[in-house]
Structure formats: C-alpha cells, structure tokens
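Trainee: Attaching a single structure in structure tokens format; questions to follow.
The values are calculated or read from the model by the stated rules, or taken from the named source; none is laboratory data. Predicted model only: the values in this text are computed from it and were never measured. Cβ: placed from backbone, ideal geometry, glycine included. Neighbour counts: every protein chain shown. Keep in mind that these areas ignore ligands, DNA and RNA; they rest on the heavy atoms of the full protein, side chains included. Shrake-Rupley method; radii C 1.70, N 1.55, O 1.52, S 1.80 Å.
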Amino acid sequence: MKHEQISAGMYSIEAEQQVLGAVLAVNDRYHEVASMLKPEHFWDPVHGLIWKNIAARVTRDHLVSPVTVQSDLAANEGFQEIGGGKYLTNLVAGSISGSMVRDYAKMLVDLHGRRTLAGRLEQLAGELQNGRGADDAAAELELLLHEREETSAEPRTMSFLKAQNRALEQMHEVQQGAVLGVPTGIRALDEVVSMNPKRYTLLGGATSMGKTGLALSIATAAARAGHGVGFVTLEMPEEDLANRINSSVSMVPYKAYDRKMSENTWRDVVEAAKELESLPLEVFSDRVRDVPAILSEGKKLKRKMVPNGEFKGFRLLVIDYIQLVRGKGESAHVRLAQVANDLKQVAKQLDVHVLALAQIDRSIGAREDTRPALRDLRGSGDLENAPDNVLFVHRPEYYLVRQTPPKKEEERADWEAELAHWKGMAEIIVGKARMGEIGSVKVACDMGTNRFFDIPEQQDGWAF
C-alpha cells in the first residue's frame, strides 16, 4: 500500500518513538528486541534509518546516544527535517518505561505485518480484476498466508514427545532400509547430502560448469528410482531441455541433435525417448515464471502423481534457475530475496525437495582460485541464508584448458599433470549443509551427454 493511503490504525508513531527512546537511553535494551525488530518494521522511514544506525553501532559494540546518531545522520535531509539531534534528545526524555520496550517492538512487528498483508491483498485484488488467473492468485494467497504463519508471534507448538516420536519413526524407516530423501544417482553425493522432502537445496556454479547437466542427471536418476520430478525451465526451451535429458539416457552427445544422424544413432535416441516416456518426469510450461505459478502447477502435479507401490509420488522440484524466477519488490535484490525465501514455503507445502539452480559471480574466472564459495552467490544474501543446503559444481578442467601453458618445463609438467587429473572430472562443493558437514566430493562427468556419476572404484571420496 502507498504510504499516504495507510490508515492511522495501521501504524503507531508513538510506539516507534518509545522503542527508539528506550534504546537510546539504555543501549542494552537493544538486545531484548534485536531478534524480532528490523528497520523495515518502522512505518516512518526516518525512524527506520535511526534504528538501522543504532543496530550497526550496537553490533560493533560502539556507544549509541543522541550525540553519536546525530553525528552519523547529520547529512540526511529527512533526519534534519524532523529536528535532528534535538528530536533524538526528546525521544530519550519522552521514553516512559524501558521495561515495555519488548511489548512496543512486538506491536511494531504486528503493525508491519498488517500493512504488508493489506497491501498484498489490495494488489492481488487489482490483478484479478485485470485478468490474472484464479489458480495463480490462489497460489499466491496461499503462500502469503503460509508466510504469515511462519513469522507470526502467536505460539504454534508441538510437544517434544510428539516431535521425538516422528523423528524416531523416520529413523526406524531408515534402519529398515528406507531412503527418506531423493537419490541423486551419485553415491558419493548421497552419502554427504540428504535431499529430504520439505527441504531446499541451492546448486550454484559459474557459466559452463554444468549446473543444468548435474540437475538433469539428478532428475533422471530420481525418476528412474520411482520419485516423481517436476522441472521448471526458465533458461532454455522445453525442446532443448528434452534433448539434453534424452542425451543423458541415449549417451548421444546433445550437440548432435540438430544434425542428421546415422541410423544407429537415431535408434539410440528413439529407444531413450521410449524409456523417458515411462518415467515420472514432467517439464513445466515456459509460462510458469513466478513462485505462485510454480506452486499452482506443483499442486496439480502432486494430484496427478499419486504414490502407488514402488512409485513414491511427486518428490523433486527442479528450478533452472532462481535468478530468472519473477519476484515482486522495488529492486532486483528485494525480488530475489523474496523468491529465495518463498521457495522454502513451496518445499513445505508440496512436501517435496526443491533443487534451485543459481548463477554465481562471473568474475570468478579471473581469480587465481576459481573454486566458488558462498560469497560468490549473485544478487542476495538470502541465497545463502534461505536454503538448507548450498552446493557448487566446479570443473577445474574448464579453466585449465583456457590457460596459456607455462613455458618453464617444471611448471608446464605440473600444469599438464593437473589437467590430466581433472580431465572428465568435477568437484561438487558443499558450502552449507544444515543437517550435515561442509566439504567436497569428486565425481566423474561427461559434459557432452550431461552425465555426472561416481568415479569407478571411487578413491577420492569426501574431503573435509
């Protein structure tokens, strides 16, 4: 909702002043509310700016007072318009009871939630009037309500006994040989990362590292093991994606699909198509480009892929790639952060594992060390914070073959040895694992057919 359209009952200048005044008077009170109260929760943007300054100073263990804040914000026009340092002094003087700071903070969070909810409902109503599909709108509303449940201050508890019993049931299933997560088709990777339902993995990589190839390899392995797979392709046409999937099964290099084939090669492609036809793997339409549409189509696929015997139902949703999913917000950063967090809700609501691909900073190729890390994720810190797991695919061979061979004999020998070591190999780096450990695993790969697989008689294994 626009700032000037918000009714007086949707914000409280007085509550905002009480919080600011209390913390300016006694800095330790900041820690009572820091976990819940953010700058965006303040209706008055200058109050939000003041809170941001307070937070920055307290977290650096610096003094916060009307004098220090006045010094930091002296050049801000909005701050000067409300009275500058004198306004801050009045906030301290008007702070009635510091013991109430937590109650006021809760009030501000609730008011912010009401404003956000009202604004999004108003926007959704306008889109429906302008022709937006009912299914997409309903999916967005469902996401919105689920987000409210996640952030609500209202208690939603489960007894420890009930939670423990659920956990023990799952452990018993594992003891009996059940596999809770979606298999990747790579034993070495399955040993270190669990793609369990209701969880979310981000797979990052630089251009030409094989993100899509690895995702297709995982999707095909999961489908062959009886797990239903949905694939959202936002980067390439459905036909190109189908060719790449076919290539991984037929072992015919996908670059040959645009040329005339020999009779034997054509037969291999057709046989692969017959196998793929029977697999529970569906590609979403290119019109599915935002999270509500993904959720809506996912629910349809959930109803279609009913568990039956060895078939486990819809279990894996792949999104290629996250930076191309349309989001809402005033900046690319805000939109990407919203998408990154909404995919957590998609995983929970569909009871599937979400595997979202992500581009990383292109400048990595200019570095001496080209191995990607969490800091290389492009666009938003939420790409690191929101997922349960963050993986990176890295192929040193790609960079080595593009280097000028060293002239010195010893250096050239080392370069040739490293190139030989990494030929046809890739490293899958676990940068974050909420239920595991970080490290890396070396795997074999054939980029011509989009296949990633265990190294025969795996010697390298898991590296910490």
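Trainee: For segment 344-355, state whether one or more residues are crowded, with 23+ Cβ neighbours inside 10 Å and more than 13 Å from the chain's Cα centre (by Cα).
Mentor: yes
Trainee: From the set of residues in segment 192-209 that are buried (at least 22 other Cβ atoms within 10 Å of the Cβ) and small (Gly, Ala, Ser), which is farthest from the chain's Cα centre (by Cα)?
Mentor: Among those that are buried (at least 22 other Cβ atoms within 10 Å of the Cβ) and small (Gly, Ala, Ser), it is Ala206.
Trainee: Filter the helices (runs of 4 or more DSSP H) completely within segment 54-105 down to those with at least 2 residues that are of a type in the set (A, V, I, L, M).
Mentor: On the way: elements: 66-72, 77-81, 84-94.
It comes to 66-72, 84-94.
Trainee: What are the residues in segment 79-93 that are at negative phi and open to solvent by less than 80 Å² (accessible area, probe 1.4 Å), if any? Let's see the steps before the verdict.
Mentor: Residues of segment 79-93 that are at negative phi, as a first pass: 79-82, 85-93.
Scanning segment 79-93 gives Phe79, Ile82, Gly85, Tyr87, Leu88, Thr89, Leu91, Val92.
Trainee: So how many residues does segment 126-140 have that are open to solvent by 60 Å² or more (accessible area, probe 1.4 Å) and either part of a helix (DSSP H, G or I) or closer than 14 Å to Pro292 by Cα (or both)? Steps first, please.
Mentor: First, pick out the residues of segment 126-140 that are open to solvent by 60 Å² or more (accessible area, probe 1.4 Å): 128-131, 134-135.
Filter once more, keeping what is either part of a helix (DSSP H, G or I) or closer than 14 Å to Pro292 by Cα (or both): 128-129, 134-135.
So the count comes out to 4.
Trainee: Pick out the one residue from Ala178, Ala225, Ala215, Ala221 that is open to solvent by 30 Å² or more (accessible area, probe 1.4 Å), at negative phi, hydrophobic (A, V, I, L, M, F, W, C) and modelled with pLDDT of 90 or more.
Mentor: It is Ala225.
Trainee: May I pose another question? Is one or more of the residues making up segment 426-442 modelled with pLDDT under 90, open to solvent by 30 Å² or more (accessible area, probe 1.4 Å), over 24 Å from the mean Cα position of the chain (by Cα) and of a type outside the set (Phe, Trp, Tyr)?
Mentor: no
Trainee: Filter the helices (runs of 4 or more DSSP H) completely within segment 375-455 down to those with at least 1 residues that are within 30 Å of Met251 (Cβ to Cβ) and touching a Phe, Trp or Tyr at 6+ places or on another chain (Cβ under 8 Å). Give the derivation first.
Mentor: Working: elements: 382-385, 396-400, 409-422.
Output list reads 396-400.
Trainee: Another question, then. Do you know which residues across segment 101-116 are open to solvent by less than 80 Å² (accessible area, probe 1.4 Å), in contact (Cβ under 8 Å) with a residue 24 or more places away in the chain and more than 23 Å from Thr68 (Cβ to Cβ)?
Mentor: Selection gives Val109, Asp110, Leu111, His112, Gly113, Arg115.
Trainee: Taking Ala358 as the residue in question, decide whether it is buried (at least 23 other Cβ atoms within 10 Å of the Cβ) and touching a Cys at 6+ places or on another chain (Cβ under 7 Å).
Mentor: Values: buried (at least 23 other Cβ atoms within 10 Å of the Cβ): yes; touching a Cys at 6+ places or on another chain (Cβ under 7 Å): no.
It is false that Ala358 is buried (at least 23 other Cβ atoms within 10 Å of the Cβ) and touching a Cys at 6+ places or on another chain (Cβ under 7 Å).
Trainee: Next question. Out of the residues in segment 60-78 meeting the condition of being in contact with a helix residue (DSSP H, G or I) (Cβ under 9 Å, 6 or more places away or on another chain) and either acidic (Asp, Glu) or over 20 Å from Asn90 (Cα atoms) (or both), tell me which one is surrounded by the fewest Cβ atoms within 10 Å (Cβ to Cβ).
Mentor: In this case the residue turns out to be His62.
Trainee: Let me ask something additional. Just for segment 24-48: of the residues that are under 11 Å from Ala105 (Cα atoms) and not charged (D, E, K, R), which one is surrounded by the fewest Cβ atoms within 10 Å (Cβ to Cβ)?
Mentor: Ser35
Trainee: A follow-up question, please. If we keep just the residues of segment 263-300 that are open to solvent by less than 60 Å² (accessible area, probe 1.4 Å) and over 33 Å from the mean Cα position of the chain (by Cα), which is farthest from Val229 (Cα to Cα)?
Mentor: Step by step, filter segment 263-300, then rank; the result is Thr265.
Trainee: Out of everything in segment 344-397 that is of a type in the set (Lys, Arg) and out of contact with any strand residue (DSSP E or B) (no Cβ under 8 Å at 6 or more places or on another chain), what residue ends up being farthest from His421 (Cα to Cα)?
Mentor: By that ranking, first place goes to Lys348.
Trainee: Checking Gln403 against (1) under 25 Å from Ile428 (Cβ atoms); (2) surrounded by 18 or more Cβ atoms within 10 Å (Cβ to Cβ): exactly one of these is not met. Which one?
Mentor: All conditions pass for Gln403, except number (2).
Trainee: Go through (1) out of contact with any His (no Cβ under 8 Å at 6 or more places or on another chain); (2) more than 20 Å from Ser217 (Cα to Cα); (3) not aromatic (Phe, Trp, Tyr) one by one and return the number of the condition Thr370 breaks.
Mentor: Only one criterion in (1) out of contact with any His (no Cβ under 8 Å at 6 or more places or on another chain); (2) more than 20 Å from Ser217 (Cα to Cα); (3) not aromatic (Phe, Trp, Tyr) is unmet by Thr370, namely (1).
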